[in-house]
Amino acid sequence: MSPEELGQVQAEALGRVKGAAGAADLLGIERDYLEKGGVVAKILASIPSLAPEQRRELGSGANRLKQAIQKAIEEREGELAAEELERERKAQGFDPTLPSAQPRRGSLHPVTQVTRELEDIFASMGYAILDGPEVELDYYNFEALNIPKDHPAREMYDTFWCDRNNHLLLRTHTSPVQIRALERFDPPFRAIVPGRCFRNETVDASHEHTFHQMEGLVVGKGITVGHLIGTMKTFLREMFQRDLEVRLRPGYFPFVEPGFELDVRCPFCEGGCSVCKRTTWIELCPCGMVHPFVLRYGGVDPEQYTGFAFGLGLSRLVMLRFQIDDIRHLMGGDLRFLEQFGC
Ligand code: PHE
């Protein structure tokens, strides 16, 4: 076959490709030219009968022909796909110049925001941030915190039990992580534990079955109430950007001795407001020196070490910070509420 003839075959093939109206036409062309028994194969089959000098020429010519047809088919496939897309767009009335739908911008939950703020403050004071299980053992939630079975203090905690034998429960406070931390770390150490807690309570504006606390625990040699007060004042200064007076009142929790309620001078007013109920004091958190029994339950020798603990009501702090008057908003999941705290 002469180069001219080859050229003719190619022109004819490319002409057919150009005129192809769809995938079926292209497949037909492939079959006729490129597959077994097709035009190219026949040309190659004729090569052995040629004079040696013609062989090379026809061989490479046939290869070029094959490549040219393959390339043309691929291009035509692309064109056809683009035309198809365009047809679909027209059919759907798609307008590529319209602005896209804007994704809704999410925001951190107010509890998350305050948690992170407190974590930053305490981390800067050298505290580790711990967590523990929300489904807890009676042992950690009560027993090892010096609240044995039938202890009247259990009345303070309306408990969601998880099994019939009253071994498993939803933790009613973050204090069980005190024991877990004592078991795990050798003193001295300091840690905070932000987390969800649960109480089987009648829900109202100031009571939720699900709420947040942040436990604090510091254990070391010679730790005193002075360290506790100093720590709380430092934390309050960081949080409210100024020095605030604090006071301790006696408070009772079986796992601290002595136990206190720590109040802070209302940061929102001078002489009384609705937040402090006109008293100028706000109840901040229960706290105290870790009871020797608790240290011992956690495997720490109370003759050598002392410690303090506090239980910040995270939910309450969030309400204070954002002036939220109903705790039920926090876990209510209402986006209209949550969208107000963009950050
Ligand atoms: N865990 C206690 C509660 O939720 C609070 C607390 C923590 C008290 C640490 C003293 C020390 O009721």
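Sort through P96, P148, P103 and tell me the only one that's under 20 Å from the mean Cα position of the chain (by Cα) and either in a loop (DSSP other than H, G, I, E, B) or among the charged types (D, E, K, R) (or both). Quick ask: steps written out before the conclusion?
Values: P96 fails: under 20 Å from the mean Cα position of the chain (by Cα); P148 fails: under 20 Å from the mean Cα position of the chain (by Cα).
From the options P96, P148, P103, the qualifying one is P103.
Of the candidates R278, R265, R321, the single residue that is surrounded by fewer than 21 Cβ atoms within 10 Å (Cβ to Cβ) and in contact with a helix residue (DSSP H, G or I) (Cβ under 8 Å, 6 or more places away or on another chain) is R321.
Does L236 satisfy being within 34 Å of the chain's Cα centre (by Cα), under 30 Å from Y140 (Cα atoms) and within 11 Å of the ligand (Cβ to nearest atom)? Before you say what the answer is, go through the steps one by one.
Values: within 34 Å of the chain's Cα centre (by Cα): yes; under 30 Å from Y140 (Cα atoms): yes; within 11 Å of the ligand (Cβ to nearest atom): no.
No.
Against the condition of a type in the set (A, V, I, L, M, F, W, C), within 30 Å of C269 (Cα to Cα) and within 15 Å of the ligand (Cβ to nearest atom), how does F198 come out, does it pass?
On the way: of a type in the set (A, V, I, L, M, F, W, C): yes; within 30 Å of C269 (Cα to Cα): no; within 15 Å of the ligand (Cβ to nearest atom): yes.
No; evaluated as a whole, the condition is false for this residue.
Against the list (1) within 32 Å of the chain's Cα centre (by Cα); (2) more than 16 Å from the ligand (Cβ to nearest atom), the condition T279 fails is (1).
Cβ-Cβ contacts under 9 Å between residues 6 or more apart (or on different chains), taken from a first residue in segment 201-222 that is closer than 30 Å to P302 by Cβ to a second residue that is loosely packed, with under 15 Cβ neighbours inside 10 Å, are listed as V218/P188; V219/P188; G220/P188; K221/P188; K221/Q304.
Say we look at segment 193-219 and pick out the residues that are charged (D, E, K, R) and part of a loop (DSSP other than H, G, I, E, B); which of these is farthest from Q113 (Cα to Cα)?
As a first pass, look at segment 193-219 and keep what is charged (D, E, K, R): 196, 199, 201, 204, 208, 215.
Filter once more, so that each one left must be part of a loop (DSSP other than H, G, I, E, B): 199, 201, 208.
Working: R199: 23, E201: 26, E208: 19 Å.
The residue in question is E201.
For segment 260-312, the tally of residues that are in a strand (DSSP E or B) and out of contact with any Gly (no Cβ under 9 Å at 6 or more places or on another chain) stands at 5.
Taken together, the values in this text are just the output of simple stated rules run on the coordinates, not laboratory data. Being a predicted model, the structure only gives us computed values, none of them experimental. Ideal geometry is used to build each Cβ from the backbone, glycine not excepted, and the neighbour counts take in all protein chains shown.
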